[in-house]
Amino acid sequence: MFKNLLLATVLLSSVSVFAKTEAVAVDPAASKIVFLGKKVTGEHTGEVKIQEGTLSFDGKAFKEANVVVDMTTISNNDLTDKEYNKKFIDHMNSADFFDTAANKTATLKTTKVTKVKGDTYKVTGDLTIKGKTNPVTFNADVTRAGATAVIKVDRTKYDIKYGSGKFFQGLGDKMINDEFQLTVTLVTKK
């Protein structure tokens, strides 16, 4: 009896050792990140492309994500004047904002995932922008087909202080909100 119990314990331990997390590749061409930044007098929206990423699962359960964003692909969707659109993009790429010449990528790596209900998970991760890493927490709907999430980011934590009322006095209607929003849609490769 003891031998059978010992054998069963060893077999169960072996199964858990061999159970592995499966990584599913994100399809950068089908995925996107839409940003929304607001200021006193309006807002701007645009996109940035995903360079690469993976979603990892243990069976059906979502376990982690790693995403690399190509910051050199920042675009604007709301400015129809080509000259002003280019000026805006150039400013986003400058050291005032994302300094993409020196910081070509941004990354998100999950550190904790907790199932909320169904396919919804509470996700905490390390977001790195301009070489600065800070934790972010958000809800995400995740399946093997992909993921969607809305992430709110305080830009000042990443040394993006231009137009911030926290750091500059008397900005009036030139003040830019410190928080911006990312609407993330990840589609996995088939």
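The values are calculated or read from the model by the stated rules, or taken from the named source; none is laboratory data. Predicted model, so just to flag it, every value in this text is computed and none were measured. Using ideal geometry, Cβ is built from the backbone for each residue, glycine included, and neighbour counts are taken over all protein chains shown.
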Quiz item: From the set of residues in the range 69-79 that are out of contact with any His (no Cβ under 8 Å at 6 or more places or on another chain) and not polar (S, T, N, Q), which is surrounded by the most Cβ atoms within 10 Å (Cβ to Cβ)?
Solution: 69
Quiz item: Can you tell which of 178, 141 is surrounded by 13 or more Cβ atoms within 10 Å (Cβ to Cβ), under 18 Å from the mean Cα position of the chain (by Cα) and modelled with pLDDT under 95?
Solution: 178
Self-check item: Extreme residue, nearest to residue 58 (Cα to Cα), among residues of the range 137-190 that are acidic (Asp, Glu) and touching an Asp or Glu at 6+ places or on another chain (Cβ under 9 Å)
Solution: 141
Quiz item: Given the structure, is residue 157 over 21 Å from residue 50 (Cβ atoms), modelled with pLDDT of 95 or more and in a strand (DSSP E or B)?
Solution: no
Quiz item: Residues in the range 144-152: is at least one farther than 21 Å from residue 189 by Cβ, surrounded by fewer than 20 Cβ atoms within 10 Å (Cβ to Cβ) and more than 14 Å from the chain's Cα centre (by Cα)?
Solution: no
Quiz item: Inside the range 33-62, can you point out the residues that are among the hydrophobic types (A, V, I, L, M, F, W, C) and either within 22 Å of residue 120 (Cβ to Cβ) or in contact with a strand residue (DSSP E or B) (Cβ under 6 Å, 6 or more places away or on another chain) (or both)?
Solution: 33, 34, 35, 36, 48, 50, 55, 57, 61, 62
Quiz item: Taking the condition on the phi < 0 side of the Ramachandran plot and touching a helix residue (DSSP H, G or I) at 6+ places or on another chain (Cβ under 7 Å), does residue 132 pass?
Solution: yes
Exercise. Check the range 49-68 and report whether any residue there is surrounded by 18 or more Cβ atoms within 10 Å (Cβ to Cβ) and more than 30 Å from residue 24 (Cβ to Cβ).
Key: no
Exercise. Pick out the one residue from 30, 19, 65, 8 that is at pLDDT 95 or above, more than 18 Å from residue 123 (Cα to Cα) and out of contact with any Phe, Trp or Tyr (no Cβ under 7 Å at 6 or more places or on another chain).
Key: 30
Exercise. Tally the residues that are acidic (Asp, Glu) and either crowded, with 17+ Cβ neighbours inside 10 Å or free of Cβ contacts under 8 Å to residues at least 24 places away in the same chain (or both), restricting the search to the range 156-175.
Key: 0
Quiz item: So how many residues does the range 25-68 have that are assigned to a loop (DSSP other than H, G, I, E, B), without any contact (Cβ under 8 Å) to a residue 12 or more places away in the chain and within 15 Å of residue 179 (Cα to Cα)?
Solution: 0
Quiz item: Among the numbered criteria (1) in a strand (DSSP E or B); (2) within 20 Å of residue 61 (Cα to Cα), which single criterion is violated by residue 106?
Solution: (2)
Exercise. Would you check if there is a residue in the range 80-101 being modelled with pLDDT of 95 or more, surrounded by 12 or more Cβ atoms within 10 Å (Cβ to Cβ) and part of a strand (DSSP E or B)?
Key: no
Quiz prompt | Unique residue being farther than 20 Å from residue 54 by Cβ and assigned to a strand (DSSP E or B) when the list is 142, 116, 187 | solution = 116
